[in-house]
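A short reminder: the numbers here are calculations on the coordinates, not readings from a lab. Only a predicted model underlies this, so the values are computations on that prediction, with no experimental measurement involved. Please note: Cβ atoms are built from the backbone with ideal geometry, for glycine as well, and neighbour counts cover all protein chains shown.
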Amino acid sequence: MAMISNPNKKRILSGMRPTGKLHLGHLVGALESWVQLQDEYENFHLVADWHALTTGYENTSDLKANTIEMVIDWLAAGIDPVKSPVFVQSHLPEHAELHLILSMLITVSRLERNPAVKEQAKALHLEEKFSYGHLGYPVLQAADILLYKANLVPVGEDQVPHVEISRELARRFNKLYKTVFPEPEAKLTEFKRLPGMDGQRMSKSLSNSILMADSPEVIKKKLRRTITDPLKIHKGDPGRPDVCPLNIYNAKFDPPTLAATREGCLSGELGCVEHKDAIALKVIEYLEPIWEKRRYYETHLDEVKQIISEGDRRAGEVARATMKQVREAMKLP
Ligand code: TRP
């Protein structure tokens, strides 16, 4: 049996819910750091399809297609599936088994205090519709992380409370039974959040995002629609780069011109439309190699499926070994 564990490398578990094609916020906020970390660490990439059920259990018809689209974006962004297994949560029942065990080790009131879950329930107006499974979202996430004995979990700030719950559960398990799990640490992604076309956080549900797979024409059009400084109405009016999303795009996609465009904006010499079009070109240039890889995988879907089943196999070996230790530590009959 091929062993994949490299004892000299620390482990990472990173995951996303399969919501379909990813946007630039996913790319610069998460995927790029996954790619950077894949040499230094052993990195497990999880498609969290059960997590997607917490808000999408009524309509599951897109889950399969969304999983494939998301994995294609991962691969196009540079995830190397030979170095880093790419696998699907629901293909490995060990996630459900560990979730059930961990769910005994945490109180309902602790879960209700979790600010991330509270905010989501409020934003989606769930109130009475808030499910038992949704409350347990971070427990399932802890199972994802602990199954692979991950040391690090790359996440955005909003996910830090979830990782904290994973740490608590690891400590609690180790103390009650036997030391099985390392305490995972959240690794915050460096790049500042990419704002959407409306200046708010880029999010699919707000329809303010540029997709990694958008065409050059769509990217140009979306950038044209970006809301810039509301006080800069005409070219010639001085603008405030620090309240304008274009400034952040400029910093990411065209750093050499940043100082000059800030000055041009402040003085009013640089018009917003001109600035938008210049940035669109840079975004397109940035994405071209990603599109090329995307086109390859779109036309080799069998290869994508093969990558996932190989990822399932490799992740499954680790998950089964951990569950064996868990059952032994707990003295389950
Ligand atoms: N909760 C993450 C999100 O909403 C997805 C996720 C599931 C995850 N399991 C994980 C992230 C484990 C990191 C580690 O995006």
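List of remarks:
- Charge dipole (segment 214-293, unit charges on Cβ, about Cα centre) - positive-most of HIS275, ASN247, THR228: THR228
- Sparse packing (at most 11 other Cβ atoms within 10 Å of the Cβ) combined with a DSSP loop state is found for the following trypsin sites (Lys or Arg not before Pro) in segment 166-209: LYS192.
- Taking N as its residue count, the alpha carbon Rg of the chain over 2.2 N^0.38 Å: 1.08
- With contributions of -39500 (n - 2.57) from each DSSP H run of at least four residues, the per-residue ellipticity at 222 nm computed over the chain stands at -16000 deg cm²/dmol.
- 16 Å Cα-Cα reach of LYS178 towards lysines, excluding residues that sit fewer than 8 places from it in its own chain: LYS149, LYS324, LYS331
- FRET efficiency, THR107 to GLU288 (Cβ-Cβ, R0 41 Å, nearest 0.05): 0.20
- Summed residue charge, Cβ within 12 Å of TRP34's Cβ, Lys/Arg positive, Asp/Glu negative: -3
- Segment VAL82-ARG224, length gained on full extension (0.36 nm per residue, minus Cα span): 47.2 nm
- Positive minus negative residues near PRO93 (Lys, Arg vs Asp, Glu; Cβ under 15 Å): -2
- The Rg/Rh ratio of segment 7-82, with Rg taken over Cα atoms and Rh as the Kirkwood radius over Cα pairs, comes to 1.01.
- Cα Rg over Rh - segment 47-131, Kirkwood: 1.03
- Relative contact order (percent, whole number), the chain, Cα cutoff 8 Å, 6+ residue spacing: 22
- With both labels modelled 7 Å from their Cα along Cα-to-Cβ, the LYS235 to SER215 distance reads 2.7 nm.
- Kirkwood hydrodynamic radius computed over segment 231-279 comes to 10.3 Å, based on all pairs of distinct alpha carbons.
- Placing a label point 7 Å from the Cα of LEU281 along the Cα-to-Cβ line, no residue of segment 174-207 has its backbone N under 12 Å from it.
- Across segment 169-298, C-alpha contacts under 8 Å between residues 6 or more apart give a mean separation that, scaled by the residue count, equals a relative contact order of 21 percent.
- Charged neighbours of HIS51, selected by a Cβ distance under 13 Å, balance to -1 (K, R count +1; D, E count -1).
- Approximate spin-label separation LYS9-GLU263, in nm, with each point projected 7 Å along Cα-to-Cβ: 4.5
- Separation in nanometres of the label points that stand 7 Å from Cα toward Cβ, at TYR132 and SER90: 2.0
- The antiparallel fraction among DSSP beta bridges confined to the chain stands at about 10%.
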